[in-house]
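*Asks:* Next up is a structure, given as structure tokens.
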Amino acid sequence: MVETLEVKKILEDGKKQMSKALEATKKEFQNLRTGRASIALVEGIQVEYYNTPTPLKNVASISTPDARTIAIQPWETKIISDIEKAIQKSGLGITPLNDGKVIRMQIPSLTDERRQELSRLIKKIAEEGRVSVRNARHESLEQIRKMEKNKDIAEDISRTTQKELQRLTDSFIHQVDEALQHKEQEIHTI
């Protein structure tokens, strides 16, 4: 009974690591500027708010009124210049337009060269995600093999667990590939 609990824990830990790898890959995809306005581009920008670096999403409402515009309306108008400075320092390469109440950011169209560059970049990010998933599988496999070698679990349990780990790995890699395909489609249709 103890052996199955340990095996289940190893599987759960492996699944958690694979899930973290998938989420990290998706987050990196979100943070890429693809020519479409996305709140994710700016919500994490750190703004000086009462001498404390604070994420933009905690000091303003952020919206996308259309596909190419991000609108940022601070909850306190006195920090609008701090938000503007933070956006300029962020390295997004987008000039914020400040009307005193709302900051608007116009997302420029992508050039063909930039699309190709982004396509290469997202493929690299996806491959890093796949490698992270495989590394999680490898760590779990090592633990299972060690338990089998030490005779803590039976050979059939080891084989079954290894097959389950492979099934999980295939599933997470498929999800990374789907996210890649979605991002490529987004890049080439804008």
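The values are calculated or read from the model by the stated rules, or taken from the named source; none is laboratory data. The structure presented is a predicted model; accordingly, all values stated were derived computationally and were not measured. Note that we place each Cβ from the backbone using ideal geometry, even for glycine, and neighbour counts take in every protein chain shown. Surface accessibility is based on the protein's heavy atoms, side chains included, excluding ligands, DNA and RNA. Shrake-Rupley method; radii C 1.70, N 1.55, O 1.52, S 1.80 Å.
*Asks:* I need the helices (runs of 4 or more DSSP H) fully contained in the stretch 72-190, keeping only those with at least 1 residues that are touching a Lys or Arg at 6+ places or on another chain (Cβ under 8 Å), over 23 Å from GLU23 (Cβ atoms) and touching a residue at least 40 places away in the same chain (Cβ under 8 Å).
*Replies:* So the answer is 155-189.
*Asks:* Filter the stretch 79-129 down to the residues that are over 27 Å from ILE62 (Cα atoms), touching a helix residue (DSSP H, G or I) at 6+ places or on another chain (Cβ under 8 Å) and of a type in the set (Lys, Arg) and list them by number.
*Replies:* LYS123, the sole residue that qualifies.
*Asks:* Which number in (1) touching a residue at least 40 places away in the same chain (Cβ under 8 Å); (2) under 22 Å from the mean Cα position of the chain (by Cα); (3) open to solvent by 80 Å² or more (accessible area, probe 1.4 Å) marks the one condition that GLU12 misses?
*Replies:* (1)
*Asks:* Within the stretch 159-190, restricting attention to residues that are at pLDDT below 90 and touching a helix residue (DSSP H, G or I) at 6+ places or on another chain (Cβ under 7 Å), which residue is surrounded by the most Cβ atoms within 10 Å (Cβ to Cβ)? Show your work before the answer.
*Replies:* Here is the first cut: in the stretch 159-190, the residues at pLDDT below 90 are 183-190.
Going one step further and asking which of them are touching a helix residue (DSSP H, G or I) at 6+ places or on another chain (Cβ under 7 Å), we end up with 183-184, 187-188.
Details: LYS183: 24, GLU184: 18, ILE187: 21, HIS188: 12.
Checked the stretch 159-190; the qualifying residue surrounded by the most Cβ atoms within 10 Å (Cβ to Cβ) is LYS183.
*Asks:* In this structure, is ALA37 in contact (Cβ under 8 Å) with a residue 24 or more places away in the chain, assigned to a loop (DSSP other than H, G, I, E, B) and buried (at least 17 other Cβ atoms within 10 Å of the Cβ)? Can you show your working first?
*Replies:* Numbers: in contact (Cβ under 8 Å) with a residue 24 or more places away in the chain: yes; assigned to a loop (DSSP other than H, G, I, E, B): yes; buried (at least 17 other Cβ atoms within 10 Å of the Cβ): yes.
Against the criterion (in contact (Cβ under 8 Å) with a residue 24 or more places away in the chain, assigned to a loop (DSSP other than H, G, I, E, B) and buried (at least 17 other Cβ atoms within 10 Å of the Cβ)), ALA37 qualifies.
*Asks:* Exactly one condition in (1) of a type outside the set (S, T, N, Q); (2) modelled with pLDDT under 90; (3) in a helix (DSSP H, G or I) is false for GLU12; which is it?
*Replies:* Every listed condition holds for GLU12 apart from (2).
*Asks:* Consider LEU22 carefully, then state whether it is under 26 Å from VAL133 (Cβ atoms), open to solvent by 80 Å² or more (accessible area, probe 1.4 Å), assigned to a helix (DSSP H, G or I) and out of contact with any His (no Cβ under 6 Å at 6 or more places or on another chain). Break it down stepwise before answering.
*Replies:* On the way: under 26 Å from VAL133 (Cβ atoms): yes; open to solvent by 80 Å² or more (accessible area, probe 1.4 Å): no; assigned to a helix (DSSP H, G or I): yes; out of contact with any His (no Cβ under 6 Å at 6 or more places or on another chain): yes.
Judged against the criteria, LEU22 is not a match.
*Asks:* May I ask you to say which residue of VAL47, VAL7 is buried (at least 17 other Cβ atoms within 10 Å of the Cβ), at negative phi, more than 22 Å from the chain's Cα centre (by Cα) and not in a loop (DSSP other than H, G, I, E, B)?
*Replies:* On the way: VAL47 fails: more than 22 Å from the chain's Cα centre (by Cα).
Going through VAL47, VAL7 in turn, the sole match is VAL7.
*Asks:* OK, next. Within the stretch 75-88, does at least one residue satisfy the condition of being closer than 30 Å to VAL7 by Cα, modelled with pLDDT of 85 or more and either within 20 Å of the chain's Cα centre (by Cα) or surrounded by 19 or more Cβ atoms within 10 Å (Cβ to Cβ) (or both)?
*Replies:* Initially, the stretch 75-88 is screened for residues closer than 30 Å to VAL7 by Cα, giving none.
Taking every residue of the stretch 75-88 in turn, none turns out to be closer than 30 Å to VAL7 by Cα, modelled with pLDDT of 85 or more and either within 20 Å of the chain's Cα centre (by Cα) or surrounded by 19 or more Cβ atoms within 10 Å (Cβ to Cβ) (or both).
*Asks:* Does the stretch 50-60 include one or more residues that are part of a loop (DSSP other than H, G, I, E, B), at pLDDT 85 or above and surrounded by 18 or more Cβ atoms within 10 Å (Cβ to Cβ)?
*Replies:* Taking every residue of the stretch 50-60 in turn, at least one turns out to be part of a loop (DSSP other than H, G, I, E, B), at pLDDT 85 or above and surrounded by 18 or more Cβ atoms within 10 Å (Cβ to Cβ).
*Asks:* Next question. Please specify each residue of the stretch 61-71 satisfying the condition of being surrounded by 15 or more Cβ atoms within 10 Å (Cβ to Cβ), touching a residue at least 24 places away in the same chain (Cβ under 8 Å) and not hydroxyl-bearing (Ser, Thr, Tyr). It would help to see each step written out before you state the result.
*Replies:* From the stretch 61-71, those surrounded by 15 or more Cβ atoms within 10 Å (Cβ to Cβ) are 62, 64, 68, 70-71; that's our starting set.
This time we only want the ones that are touching a residue at least 24 places away in the same chain (Cβ under 8 Å), so: 64, 68, 70-71.
ARG68, ILE70, ALA71 - these are the residues of the stretch 61-71 that are surrounded by 15 or more Cβ atoms within 10 Å (Cβ to Cβ), touching a residue at least 24 places away in the same chain (Cβ under 8 Å) and not hydroxyl-bearing (Ser, Thr, Tyr).
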